[in-house]
Each structure stands twice: as structure tokens, then as C-alpha cells.
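*Asks:* Below is a structure I'd like to ask you about.
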Amino acid sequence: MTFKVAIPQDITEAGKDFLREKGYDIHVGSGAVDPESIKKNIAPADAILARTAPLTADVLAAAPNLKVIGRHGIGVDNVDVDYCTKRGIWVTFAPNSNANSVAEHTIGFLVALAHHFAFMDRETRAGNWEIRNQRKGVDLFGKTLGIIGLGRIGRSVAEKCIAAFGMKVLGNDSVLPRENYPAGVLHTGVEDIFSQADFITLHVPCTPETRGMVNAGLLGRMKKTAFLINCARGEIVNEPDLLEALASRRIAGAGLDVFEVEPAAADNPLFKLDNVIVSPHNAALTVESMDRMGLHAAMGIHAVLAGGKPEWPVNKV
């Protein structure tokens, strides 16, 4: 018997080559994420290698032979994990695939905000050489970085910023024991981080507890010279409150890879501000990371279909 693996949205060759070498029959979908298209793609599948397509209970019910879902990346908010657990379907993910890539993107925002790269680029192209004397950047050395969430990405950001820039790092993680914080990271309450840090970066998943956690109250605690970076999930930040803080110069600026609604609309008012740097939720989408995400998701699928247990399980069945 040859197991069938559905891939609703295409991935790089690394993951597909792995599955082919193991003898699986792979079916790559059109990339459409509407429920009916996904149902058609996954109906005969024993496994799904999933990217961002919504895999609700209704959608998954179309695949009666389903045994495992390998998530291409870290977040599983697009997968009904409870339904899978009740049905005895493994859900795996790829936690080691993109931490470095997102950490580097975060640090790119950090440097760009500190030195006003995007603003200076626009002004220089417009012939405004004198802007060099009107707006000054700041050094990162000795500045205080606040990190909310010290999982793989937050840990990597902390270690890189301490080693490369000599920054003081304050951290908060609601799950990680303090004794397991990265070396040099000082455990600090969330409100105190927002009051004390020169740069604040978010690295928590979107849960009922974190949804909208960064609101007018926390933003109001920030220094006027402080910057906010979000390469996690857009829903963590109350976007209207952030817009108000940025437009009124209540805070100095922001670097945003994620938004409350994605794809972000072209007329998003945040895009009109000169103290905001944005990217299209691509922090994890480096060449190397995309290969790792596909490969690690494929490895999780193979582990289950071969009769074993995945190395990176999300649930227990």
C-alpha cells in the first residue's frame, strides 16, 4: 500500500524529495485555500503537509483516511488540533526550522529602526542630503531590549543582541521557568519591560491570553524614544491603539512583519507613517528556512506513517 500525502500549498523541493524517496504518493494542490479546494485536495490523503490553509473540523472531515498533519512551520492556529486529537490524528510541526531566520529579521528591524534606514533611504533618494543633520539615529550598544516570549526565537534574539551589541536584555515568558532563561536575560514583569526598554520585541503565539495584549495601556508605558517590533502574530497587538501611539509620536516607531488582518490592505493607515517599517509576514521565509520547514514537516509525516512517533508532536494520540 502506498500512502498518499496532500500538499494543498506548494513547498520547496527538499520536503517533496524526502517524501518521494520514502515512496509516498504526493499530491500538490493549486494553492487555493478556500474550503472546497482544500477538501478536494485532501480527500484521498493519509497525510497532509500543511502551510497556512485553514484546516477546520469541517475541512478535515473530508479526509477519512487521515493519520497525520505535518505543519510547515511553527504556528498551528490554522489547524483544529482538538478535532485531530479526538480523531487520533497526529499533528506535528517544525519548531527548529525558522527560529534563526525570524531572529535575524527581528534584529534587522532593530538596526533599521535605530538608524532610521527606511526614512533616510526615502529622503536621500529625494535629494534631501541635509536630513543627516535633522534626524539622528541611536547606537544599540548599552540600550535595553525587552523580549516578550523566550522560546527558540526570543532566545536567539537575546543571545545575538547580547553578544553582538552589548545590549541589556529584559525578558518575560509565562511558561518558561526563570532558571531556564538565556544567560544574561533578566526576568522582568511585562509592564516593567514596557516602561524600561528602549526596544521591545514580541515572540509569543496568539492565544486567548495574548490576543490584543499590547494595547493603549502598555503602549502608554513606553518611552517616547522606544520602538516596538512584532514578528510574531498581528493579533497580539491592538492595531488602532498602535496607530494612535505612532501617529501622535507617543512612541518613536515600530517594525511590523505581521498584522491583525492579512494580507494587509494597501490602504492600511500604518503604511502612511514615516516611523514604521513593514514587511509582508516573510520573516521566516528565507531560502534555508523554507527548505527546513518543508523537510521537517515531511519527517514528521514519515515518522507516523512508518509506524513510529514524531520528533516534534503538537498533540498526543
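*Asks:* So which helices (runs of 4 or more DSSP H) stay within region 202-317 end to end and still have 2 or more residues that are farther than 28 Å from Phe117 by Cβ and outside the structural domain of Gly149 (by TED's automatic domain parsing)?
*Replies:* Numbers: elements: 216-219, 239-247, 287-305.
The helices (runs of 4 or more DSSP H) meeting that bar are 287-305.
*Asks:* Going residue by residue through region 204-226, is there one that turns out to be surrounded by 21 or more Cβ atoms within 10 Å (Cβ to Cβ), farther than 30 Å from Tyr24 by Cβ and either within 14 Å of the chain's Cα centre (by Cα) or aromatic (Phe, Trp, Tyr) (or both)?
*Replies:* yes
*Asks:* Go through region 251-272 and give me each residue that's farther than 18 Å from Arg211 by Cβ, surrounded by 15 or more Cβ atoms within 10 Å (Cβ to Cβ) and more than 15 Å from the chain's Cα centre (by Cα).
*Replies:* The answer is Ile251, Ala252, Gly253, Ala254, Asn268, Leu270.
*Asks:* Count, please, the residues in region 27-55 that happen to be more than 26 Å from the chain's Cα centre (by Cα), within 12 Å of Leu305 (Cβ to Cβ) and outside any loop (DSSP other than H, G, I, E, B).
*Replies:* Qualifying residue count for the region: 0.
*Asks:* Could you look through region 234-250, keep only residues that are closer than 24 Å to Asn282 by Cβ and of a type in the set (A, V, I, L, M), and pick out the one that is surrounded by the most Cβ atoms within 10 Å (Cβ to Cβ)?
*Replies:* Here the residue is Val237.
*Asks:* Filter region 95-118 for residues that are part of a loop (DSSP other than H, G, I, E, B) and modelled with pLDDT of 95 or more; which is surrounded by the fewest Cβ atoms within 10 Å (Cβ to Cβ)?
*Replies:* So, considering only residues that are part of a loop (DSSP other than H, G, I, E, B) and modelled with pLDDT of 95 or more, the one surrounded by the fewest Cβ atoms within 10 Å (Cβ to Cβ) is His115.
Let's see how each residue does on (1) more than 30 Å from Leu186 (Cα to Cα); (2) out of contact with any helix residue (DSSP H, G or I) (no Cβ under 9 Å at 6 or more places or on another chain):
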{"site": "Phe119", "(1), (2)": "yes, no"}
{"site": "Lys136", "(1), (2)": "no, yes"}
{"site": "Phe141", "(1), (2)": "no, no"}
{"site": "Gly146", "(1), (2)": "no, no"}
{"site": "Val157", "(1), (2)": "no, no"}
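*Asks:* Which residues, taken from region 184-201, are touching a residue at least 24 places away in the same chain (Cβ under 8 Å) and either part of a loop (DSSP other than H, G, I, E, B) or not assigned by TED's automatic domain parsing to the domain that holds Gly255 (or both)?
*Replies:* Gly184, Thr188, Ala197, Asp198
*Asks:* Would you point out the residue of region 153-179, among those that are assigned to a helix (DSSP H, G or I) and of a type in the set (Asp, Glu), that is farthest from Ala112 (Cα to Cα)?
*Replies:* By that ranking, first place goes to Glu179.
*Asks:* Among the candidates Asp77, Asp58, Asp82, Asp34, single out the residue that is in contact (Cβ under 8 Å) with a residue 60 or more places away in the chain and either in the same structural domain as Ala298 (by TED's automatic domain parsing) or surrounded by 15 or more Cβ atoms within 10 Å (Cβ to Cβ) (or both).
*Replies:* Values: Asp58 fails: in contact (Cβ under 8 Å) with a residue 60 or more places away in the chain; Asp82 fails: in contact (Cβ under 8 Å) with a residue 60 or more places away in the chain; Asp34 fails: in contact (Cβ under 8 Å) with a residue 60 or more places away in the chain.
Residue meeting the stated conditions: Asp77.
The values are calculated or read from the model by the stated rules, or taken from the named source; none is laboratory data. As the structure is a prediction and not an experimental result, all values here were calculated from the model. Note: ideal-geometry Cβ built from the backbone for every residue, glycine included; neighbour counts use all protein chains shown.
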